[in-house]
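Only one structure is covered here, and it is reproduced in the block below.
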Amino acid sequence: MHLFQVPLTKLQGVGPQKAEELHALGISTVGDLIEYYPFRYEDYRIRELSEVKDGERITIQGTIASLPSMQRYGGKSRLICRVTVESALVTAVWFNRAFLKDQLTVGREITLTGKWDQRRRHITVADSEFPDRSTAKTGTLQPVYSVGGNITQATIRKLIDRALTQYGSLIPEILPSELLERHSLIPRKEAITRIHRPENTNEGQEARRRMVYEELFLFQLKLQAYRATHVKQADGLVHPVNNEEIRRFVSQLPFLLTDSQKQVINEILHDMKQPYVMNRLLQGDVGAGKTVVAAVGLYATVRAGHQGALMVPTEILAEQHARSLGKLFEPFGIQVGLLTGSLTERKRRDILASLQMGLLDILVGTHALIQEDVFFRSLGLVVTDEQHRFGVNQRSILRRKGMNPDVLTMTATPIPRTLAITVFGDMDVSTLRERPKGRKPIKTYSVKHDMMDRVLGFIRKEAELGRQSFFICPLIEESEKLDVQNAIDLHMQLTQALPDLTIGLLHGRMTAAEKEATMAAFAAGETHVLVSTTVIEVGVDVPNATLMIIMDADRFGLSQLHQLRGRVGRGEHQSYCILIADPKSENGQERMKAMTDTDDGFEISRRDLEIRGPGEFFGTKQSGMPEFRLANLLNDFEVLEQARDDAAAMTSREEFWSSPIYGGLRDHLAREAQLIGEPLD
Ligand code: ADP
Ligand code: MG
């Protein structure tokens, strides 16, 4: 008998009424109840006062030392009593627990749980137990469930306990033993029992680890089974990649590839050789060196007789990529073209004609690439850089300009959108984990506005060393005009304050040609300082720039600050980031702290989520995010990746579809398919 077929009314103490109330929480069967997991634990383990911090929730044990006094006010009551704990006196305060008064007798032992006020040696009691009567909670971790209606915390705890006692032995294993062994996971029965009743934190964590893995694995199994039967059809382009040629291309790069880059390049080339359509996401922190990885892929498609497209979100970035790829490919006779919205009609026509005739091998551009009249002769690889700036539609339009071209999507903000894509889009994910060797962490400081003189001194010092600086003024959303004016003012101020330096200016109101000239001058080292609005946020790569100053940094979001900071630290020189922020902006300071604490993009994303909360972080567009009972997509991201690899490997084996070992998993898939109303095969 399956636990999901056992009605709740089989449990002692559950009649139709209670069953109805549980139903409102989404619990309809004993199976549901057993899998109704706590979202946290309350710690009732006894602590020593010496190790407790002010404001913490604690449990302490002592002896009642005074008769209680009671105050009543406006229908409420306050009960106060002194308790000896570890031979010192503590004041215990209960609110609205008048009924306890007679039970508080001098000399009686008591356990108190509540918030500790260090200064007043005072505990506001949330919960108390008398050891001579009960110690049900004392010393334990009590699960906390999400409850509502007439179902209280105590009720659900009791019912789950009962369900486990009555039916716990029937909990089936669902994962094959190869996975349990590979990841040292505890059996399912034990995990479910322990997740509700952990004896210690470690046990709770092991139980959770097992169930999170299971949850993510089953989820991935569904996706990967779908993919194995639908997506990995052999109707893509085969790129016959010649390793020798690739090696020759790589050997003339101005640097050695990192191991991480080599690995992801292999993953990409492997996909390109296969007859199915590559759909791969490359994620790596700012400055990790994604462009060159894309370049190798583009090189491979051209060598195989096709064309490549690279789509980026801004003109500045398009120009930069066209310039650097052009230089890289020139010795190989590979032609790189640039298509943006600001080309003259004539130039545009030329580019489009060469593209269609196959004279151009690689086209770099903004979303101008996806206009209707853009035709490739044979599009083999589509690369999108900074994918979070594009909609899913924009990317798929570009893909349709070829016959099932391979697709590589790159991002420096792996979370949050990537997460969604990983979860929904059945993409393969490659991750650049290391940055190029010799990169030093970017030293980051947060300062007040009145330290401008020192900031100017810093700029001067870097200029003397031959380095360059960025000075960013915020985008004022309500008014582009104000925003531009800000940049112009700051530019003027710096020009006056630093008369011996050359100061460039970049903002959204300049023409494309002006912007290009300004960027080119900065890239060539002709300008010492570039004053800019956030137009340079993504992708800009000038390795000689070592100082990033961000004005009014508290007006920026955390991910954006990290992207901006990523404009420096791209070469061998020590780089710095100075955040000029208002110390009175409270959550601004929280962001500044995150920035000064770490320059790891993954960690920054995590903090961003923490600060903003999932709703805002994932954005309303992601409202279709799958909900997991236990897994937290941010913290458990690595488990998700692991689960996905395991599920992909498993579903690609013939055995999975035939062997009785996997019968349980196949049944699970069939059940799920039924739930979503589509047949599996
Ligand atoms: P991002 O991942 O942010 O797009 P880029 O591809 O722009 O990073 O690379 C950042 C800088 O690092 C560039 O100047 C690039 O030439 C350089 N770079 C990339 N790979 C390496 C490497 N293996 N060794 C040294 N420098 C590298
Ligand atoms: Mg980049």
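The values are calculated or read from the model by the stated rules, or taken from the named source; none is laboratory data. If you're wondering where the values come from, they're calculated on a predicted model, not measured in any experiment. Counting neighbours? That spans all protein chains shown, and the Cβs are built from the backbone with ideal geometry, glycine included. Protein only, heavy atoms only, side chains kept; ligands, DNA and RNA dropped before computing areas. Shrake-Rupley method; radii C 1.70, N 1.55, O 1.52, S 1.80 Å.
Hey, what angle do you get for helix 153-167 against the long axis of the chain, alpha-carbon based, 0 to 90 degrees rounded to 10?
90 degrees
What is the sum of charges around GLN307, taking Lys and Arg as +1, Asp and Glu as -1, for the other residues whose C-beta is under 14 Å from the C-beta of GLN307?
Charge balance in the 14 Å sphere: +2.
Please report Rg over Rh for the chain, where both radii come from the alpha carbon positions and Rh follows the Kirkwood definition.
Result: Rg/Rh = 1.05.
Taking only protein heavy atoms into account and a 1.4 Å probe, give the accessible area per residue of the stretch 120-176 in Å².
Counting only protein heavy atoms, the per-residue value for the stretch 120-176 is 47 Å².
Taking only protein heavy atoms and a 1.4 Å probe, what accessible area per residue, in Å², does the stretch 299-409 have with all protein chains in place?
Per-residue value: 42 Å².
Which value, in debye to the nearest 20, gives the size of the charge dipole of the chain about its Cα centre, when Lys and Arg are +1 and Asp and Glu are -1 at the Cβ?
1120 debye
Between THR91 and GLN496, what is the spin-label point distance in nm, taking each point 7 Å from the Cα along the Cα→C-beta axis?
5.9 nm
Measure up LYS290/LYS440; LYS115/LYS448; LYS327/LYS443 against 26 Å on the Cα-Cα distance and list the ones that go over.
LYS115/LYS448; LYS327/LYS443
Diagonalise the Cα gyration tensor of the stretch 177-218 and give the resulting equivalent ellipsoid semi-axes, square root of 5 times each eigenvalue, largest first, whole Å.
17, 10, 9
Checking the a/c ratio against 1.5 first, then a/b against b/c, what shape does the Cα gyration tensor give for the stretch 258-354?
prolate
Per the Kirkwood treatment, what hydrodynamic radius in Å, one decimal, follows for the stretch 221-285 from the mean inverse distance over all distinct Cα pairs?
13.8 Å
Can you pull out the chymotrypsin sites (Phe, Trp or Tyr not before Pro) in the stretch 189-276 that DSSP calls coil and that have at most 14 other Cβ atoms within 10 Å?
Sparse-neighbourhood loop chymotrypsin sites (Phe, Trp or Tyr not before Pro): PHE255.
What spacing in nm lies between the two simple spin-label points modelled at ARG400 and SER169, each 7 Å away from Cα in the Cβ direction?
Here the answer is 6.1 nm between the modelled labels.
List the lysines whose alpha-carbon lies under 19 Å from that of LYS76, not counting same-chain residues fewer than 8 positions away?
The reachable lysines, counting only those whose Cα sits under 19 Å from LYS76, are LYS101.
If you filter the stretch 287-386 for GluC sites (Glu not before Pro), then keep DSSP loop positions with at most 16 other Cβ within 10 Å, what is left?
Those that pass, being in a loop and sparsely packed, are GLU372.
Work through the residues other than VAL296 whose Cβ is under 12 Å from its Cβ and net out their charges, Lys, Arg +1 and Asp, Glu -1.
My count for the surroundings of VAL296 gives +3.
Please report, for the Cα atoms of the stretch 136-238, the Rg to one decimal and the Dmax as a whole number; what are they, in angstrom?
My reading of the Cα-based Rg and Dmax gives 18.6, 66 Å.
At 1.4 Å probe size, with every protein chain present, just tell me what the per residue accessible area of the stretch 66-117 comes to in Å².
Computed with neighbouring chains in place, this is 53 Å² per residue.
For the stretch 13-137, take the convex hull of the Cα atoms, compute a quarter of its surface area, and give me that in nm², please.
10.6 nm²
Can you tell me the dipole magnitude for the stretch 1-73 around its Cα centre, using point charges on the Cβ only (Lys, Arg +1; Asp, Glu -1), in Debye to the nearest 20?
Dipole size: approximately 200 debye.
Restricting to DSSP H runs of at least four residues, report the calculated mean residue ellipticity at 222 nm for the chain, -39500 (n - 2.57) per run over all residues, nearest 500 deg cm²/dmol.
The per-residue figure over the chain is -12000 deg cm²/dmol.
Which log10 I(q)/I(0) values, to two decimals, does the stretch 171-324 give at q = 0.08, 0.12, 0.16 Å⁻¹ under the Debye formula with one point per Cα?
Normalising to I(0) and taking log10 leaves -0.42, -0.76, -0.96.
For the chain, which whole percent of the accessible surface, found with a 1.4 angstrom probe, sits on carbon and sulfur atoms?
Heavy-atom surface of the chain belonging to carbon and sulfur, 1.4 Å probe: 50 percent.
Any chance you could give the angle, 0 to 90 degrees and rounded to 10, that helix 345-357 forms with the longest Cα principal axis of the chain?
The angle comes out at about 80 degrees.
Starting from 0 in steps of 5 Å, tell me what percent of the Cα-Cα pairs of the stretch 121-170 lands in each bin.
Histogramming the stretch 121-170 at 5 Å steps yields 4, 15, 17, 23, 20, 12, 5, 2, 1, 0 percent.
To test your reading of the geometry: what angle, between 0 and 90 degrees and rounded to tens, separates the Cα axis of helix 315-329 from the longest principal axis of the chain?
Compared with the principal axis, the helix lies near 60 degrees.
Test of the criteria: in the stretch 29-124, which chymotrypsin sites (Phe, Trp or Tyr not before Pro) are in a DSSP loop and have at most 13 other Cβ atoms within 10 angstrom of their Cβ?
Filter output for the stretch 29-124: PHE39.
Take the Cα coordinates of the stretch 73-225, assign each an equal point scatterer, and use the Debye formula without solvent to give log10 I(q)/I(0) at q = 0.14, 0.16, 0.19 Å⁻¹.
Relative scattering, expressed as log10 I(q)/I(0), comes to -0.87, -1.01, -1.22.
If each residue of separation counts as 0.36 nm, what is the full-extension length gain between LEU359 and LYS158 once their alpha-carbon separation is subtracted?
Full extension of this stretch gives 64.9 nm more.
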